[in-house]
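A quick write-up on the structure given underneath.
The values are calculated or read from the model by the stated rules, or taken from the named source; none is laboratory data. Quantities reported herein were computed from a predicted structural model and do not represent experimental measurements. Note that we place each Cβ from the backbone using ideal geometry, even for glycine, and neighbour counts take in every protein chain shown. Each accessible area value is taken on the protein alone, full model and side chains, heavy atoms only, with ligands, DNA and RNA left out. Shrake-Rupley method; radii C 1.70, N 1.55, O 1.52, S 1.80 Å.
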Amino acid sequence: MIRSYGEFFEVAQLPSQHEVKGVELDEMWTYVGNKEQKRWVWLARDRNSPRIIGMAVGDRSAETGQILWESIPESVRKRAKFYTDRWDTYDQFVPDNQCISDHKQTNHVERTNNTFRQRIARLVRRTLSFSKCQINLECQLKFYIMAHNASL
């Protein structure tokens with residue numbers, strides 16, 4: 001089940017003096033229940049600060065990518081450049097004139113993924129702490145992102 005997170009990220013607005021000019025997009029896998037039930041956590045990270053500005057949880061399809069896109073505040077979607085790895089699915093929802101596909105340009109969001117794996121037990125690849133349902137995973141991620149953004 002895929003949910004929209006746009007309202008969550010609109011509530012956790014960016015500081016008014018901060019303009020987002022670049023956003024890095026990436027995804028990492030985890031699972032729910034057992035390793036055959038893969039889920040992908042998609043993140044959008046402000047390139048100039050460690051702030052997470054969008055998220056989606058689902059499969060690795062363009063449909064989940066569209067959920068990520070819609071979770072990013074509209075003001076950012078209209079103006080920012082989006083840096084992605086060279087994965088084709090991003091081309092289906094990020095406008096061509098805003099997308100820069102180069103895996104060398106996504107090092108900040110890759111580091112964020114690593115930090116998430118270190119700090120959220122249910123994202124570690126080999127663990128007994130895994131999500132038994134997707135709602136638990138989504139709630140854990142939302143709480144962590146909220147605390148992460150509030151600490152900045």
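I'd like the carbon and sulfur percentage of the solvent accessible area for the chain, probe radius 1.4 Å, heavy atoms only, ligands and nucleic acids excluded. Please list the in-between numbers first.
Details: 3830 of 8080 Å².
Carbon plus sulfur share of accessible area: 47 percent.
Stretched out straight at 0.36 nm per residue, the stretch from A147 to K132 would grow longer than its current Cα-Cα span by 3.1 nm. Highest mean packing comes first when the peptides 88-100, 129-141, 61-73 are listed by Cβ atoms within 10 Å, giving 61-73, 129-141, 88-100. With all protein chains kept in place, the per residue accessible area of the range 71-147 amounts to 59 square angstrom at a probe of 1.4 angstrom.
Run through the DSSP bridge list for the range 15-117 and note the antiparallel percent, rounded to the nearest 5.
Values: 16 of 22 bridges.
If I count the DSSP bridges inside the range 15-117, around 75 percent turn out antiparallel.
Across the range 35-46, computed HN-Hα scalar couplings (Karplus, 6.51 cos²θ - 1.76 cosθ + 1.60, θ = phi - 60°) run 5, 7, 9, 5, 10, 10, 9, 9, 10, 10, 10, 4 Hz from first to last residue, x flagging Gly and Pro.
For C99, the residues whose amide H sits under 5 Å from its own are F82, ignoring neighbours fewer than 5 places away on the same chain, with H placed 1.01 Å from N.
Remark: for residue pairs K35/K104; K38/K81; K21/K132; K38/K104, the C-alpha separation exceeds 31 Å in K21/K132.
Could you tell me what fraction of 2.2 N^0.38 Å the Cα radius of gyration of the range 69-122 comes to, as a two-decimal ratio?
Against the empirical 2.2 N^0.38 Å value, I get 1.29 for the range 69-122.
A cut-off of 5 Å between modelled amide H atoms, ignoring neighbours fewer than 5 places along the same chain, links G54 with A44. Rounded to the nearest whole Hz, the Karplus-based 3J(HN,Hα) values (6.51 cos²θ - 1.76 cosθ + 1.60, θ = phi - 60°) of the range 61-72 follow the sequence 8, 5, 4, 5, x, 5, 4, 4, 4, 6, 7, 6, with x at glycine and proline. In this simple spin-label model, placing a label point 7 Å from the Cα along the Cα-to-Cβ direction at both Q98 and E63 gives a separation of 2.3 nm.
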